[in-house]
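Some notes on the structure that comes next.
The values are calculated or read from the model by the stated rules, or taken from the named source; none is laboratory data. Keep in mind that what you see is a predicted model, and the values were worked out from it rather than measured. In this analysis, Cβ positions are derived from the backbone assuming ideal geometry, glycine residues included, and neighbour counts consider all displayed protein chains. For accessibility, only protein heavy atoms count, side chains too; no ligands or nucleic acids. Shrake-Rupley method; radii C 1.70, N 1.55, O 1.52, S 1.80 Å.
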Amino acid sequence: MKILVTGGAGFIGSHTVVELVNAGYEPVIIDNFSNSEHSALEGLQQILGRDVICYENDCNDPDALDTIFQKEQITGIIHFAAYKAVGESVASPMKYYRNNLDSTMLLLEKMEQYGVKNFVFSSSCTVYGQPEKLPVTEETPRLPAQSPYGNTKAICEDIIRDVVRANAPIKAISLRYFNPIGAHPSALIGELPLGVPSNLVPFVTQTAAGLREKITIFGDDYNTPDGTCIRDYIHVVDLAKAHVQALRLLDKQTEGNYYDVFNVGTGQGNTVLELVQTFEEVNDLKLNYSLGPRRPGDVEKIYAEVDKVNNIMGWKAEKTLADSLRDAWRWQQKLTSK
Ligand code: UD1
């Protein structure tokens, strides 16, 4: 079964392509390479021992989508392609709304047109804001988004839900990711941040590699055991496997009108300092870091309740924080040695 993977050359997309092939699906990538590199395709080729079909197009391009849907027998879509920098979204909201909303709406329209039934959407725990009660379940109310980026995730979830309600043949799942980190254990694919990374782990690995002088930990006065923020860090390979399980669950739904949301995390929260210390321990090195002021917009703590995804989807995170940080470092070393 051919699955269209938008943003399939990106960080989570490329790892999902591997797991799709392992599970017997045939991925078809569409990626405009605006935030990914062709080297990801080479990495995939090496891991899989063969090429993956890839269309170098924008998934906002209706003609390109027509070509793909006419040529390939697509049975499902996993929609990763989106802008994702929180700070940039505050500075350029229209760029985010235009890109992230348009692509989702266009794909849904094309699904109707070509009779494609299954849709998996990349959502984010950002839709919960700072929840009152932890861990967050899927019933935890969504809070007003802190950024246009976060708002695009919430709005897309709503659009998908409404389209599913109105169009019986389409079935969809939104996966609310917690913090994806790590890299493929082969070190052949991983995260490729453009410019200065804004996410924690790429900044940590670039600092350890000497590409950055030091890392600042944003805030040490939060109401947490060591004063730094708490997140639920999930290995990208585990996260990739959740997409396969989502497709399988969609395949099992015989009726249309099926829409559901799932948290995808480990269920465990770690502070920033715990992550830094684990990184130092498992990789046997010292990281140059300092404690600095809070970053505006950061939530204090968030981690997932994962009963629903465990029980209904039959998916569970298998890798530890140590595994993730070992793999992230191996990937960084590979990049720096090039
Ligand atoms: C954010 C978004 C998330 C989005 C992700 C993608 C929110 C609440 N979360 O995650 O939805 O999918 O970005 O980009 O909008 N930190 C440091 N120093 C650094 C970098 C980060 O201390 O140099 C800390 C942050 O304060 C935070 C933690 O590390 O506590 C994780 O930060 P980051 O990796 O940027 O992810 P989130 O902000 O959690």
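Checking the condition open to solvent by less than 50 Å² (accessible area, probe 1.4 Å) and not in a helix (DSSP H, G or I), which residue from 261, 309 passes? Don't jump to the end; show me each part of the working.
On the way: 309 fails: not in a helix (DSSP H, G or I).
None of the other options fit; the residue is 261.
Quick one: what pairs do we get from the range 173-188, first residue open to solvent by less than 20 Å² (accessible area, probe 1.4 Å), second assigned to a loop (DSSP other than H, G, I, E, B) and of a type in the set (D, E, K, R), C-beta under 7 Å, 6+ apart or different chains?
Qualifying pairs under 7 Å: 178/232; 183/191.
Condition (residue is exposed (fewer than 15 other Cβ atoms within 10 Å of the Cβ) and either of a type in the set (Val, Ile, Thr) or at pLDDT below 95 (or both)) applied to the range 60-82: is it met by at least one residue?
The initial filter retains those residues of the range 60-82 that are exposed (fewer than 15 other Cβ atoms within 10 Å of the Cβ), namely 62-63, 66-67, 70-71, 73.
Next, from what is left, pick out any that are either of a type in the set (Val, Ile, Thr) or at pLDDT below 95 (or both): 67.
Taking every residue of the range 60-82 in turn, at least one turns out to be exposed (fewer than 15 other Cβ atoms within 10 Å of the Cβ) and either of a type in the set (Val, Ile, Thr) or at pLDDT below 95 (or both).
Restricting attention to the range 320-338, which residues are open to solvent by 40 Å² or more (accessible area, probe 1.4 Å) and within 19 Å of residue 230 (Cβ to Cβ)? If you could, list the steps in order and put the result at the bottom.
Applying the first criterion (open to solvent by 40 Å² or more (accessible area, probe 1.4 Å)) to the range 320-338 yields 320, 323, 326, 330, 333-338.
Correct list: 320 only.
Could you list, in sequence order, all residues of the range 163-172 that are open to solvent by less than 40 Å² (accessible area, probe 1.4 Å) and either closer than 23 Å to residue 231 by Cα or in a helix (DSSP H, G or I) (or both)?
163, 164
Can you go through 171, 153 and tell me which one is within 13 Å of the ligand (Cβ to nearest atom), under 18 Å from residue 106 (Cα atoms) and modelled with pLDDT of 95 or more? Spell out the reasoning first.
On the way: 171 fails: within 13 Å of the ligand (Cβ to nearest atom).
Sole residue among the options that is within 13 Å of the ligand (Cβ to nearest atom), under 18 Å from residue 106 (Cα atoms) and modelled with pLDDT of 95 or more: 153.
Restricting attention to the range 83-99, which residues are touching a Phe, Trp or Tyr at 6+ places or on another chain (Cβ under 6 Å) and open to solvent by less than 50 Å² (accessible area, probe 1.4 Å)? Steps first, answer last, please.
Residues of the range 83-99 touching a Phe, Trp or Tyr at 6+ places or on another chain (Cβ under 6 Å): 83, 86, 89, 96, 99.
Once the filter is applied, which keeps residues that are touching a Phe, Trp or Tyr at 6+ places or on another chain (Cβ under 6 Å) and open to solvent by less than 50 Å² (accessible area, probe 1.4 Å), the range 83-99 yields 89, 96, 99.
Filter the range 195-231 down to the residues that are on the phi > 0 side of the Ramachandran plot and either part of a helix (DSSP H, G or I) or open to solvent by 30 Å² or more (accessible area, probe 1.4 Å) (or both) and list them by number.
Of the residues in the range 195-231, the ones on the phi > 0 side of the Ramachandran plot are 195, 210, 219, 227.
If the condition is that a residue be on the phi > 0 side of the Ramachandran plot and either part of a helix (DSSP H, G or I) or open to solvent by 30 Å² or more (accessible area, probe 1.4 Å) (or both), then 195, 210 are the ones that fit.
Looking for something open to solvent by 30 Å² or more (accessible area, probe 1.4 Å) and within 27 Å of residue 57 (Cβ to Cβ) - is there at least one such residue anywhere in the range 116-130? Show your work before the answer.
So in the range 116-130, the residues open to solvent by 30 Å² or more (accessible area, probe 1.4 Å) come out as 117, 126, 130.
From the residues that got through so far, the ones that are within 27 Å of residue 57 (Cβ to Cβ) too are 117.
Checked against the condition, which is being open to solvent by 30 Å² or more (accessible area, probe 1.4 Å) and within 27 Å of residue 57 (Cβ to Cβ), the range 116-130 yields at least one hit.
The conditions are (1) in contact with a Gly (Cβ under 6 Å, 6 or more places away or on another chain); (2) within 16 Å of the ligand (Cβ to nearest atom), and residue 306 fails exactly one of them. Which is it?
Of (1) in contact with a Gly (Cβ under 6 Å, 6 or more places away or on another chain); (2) within 16 Å of the ligand (Cβ to nearest atom), only one is false for residue 306: (2).
Please work out which residue is farthest from the ligand (Cβ to nearest atom), limiting yourself to the range 232-258 and to residues that are buried (at least 22 other Cβ atoms within 10 Å of the Cβ) and outside any helix (DSSP H, G or I).
235
Give me a count of the residues in the range 139-162 that are among the charged types (D, E, K, R) and buried (at least 17 other Cβ atoms within 10 Å of the Cβ). Working first, answer last.
We begin by selecting, within the range 139-162, every residue among the charged types (D, E, K, R); these are 139, 142, 153, 157-158, 161-162.
Still in the running and buried (at least 17 other Cβ atoms within 10 Å of the Cβ): 142, 153, 157.
Count: 3.
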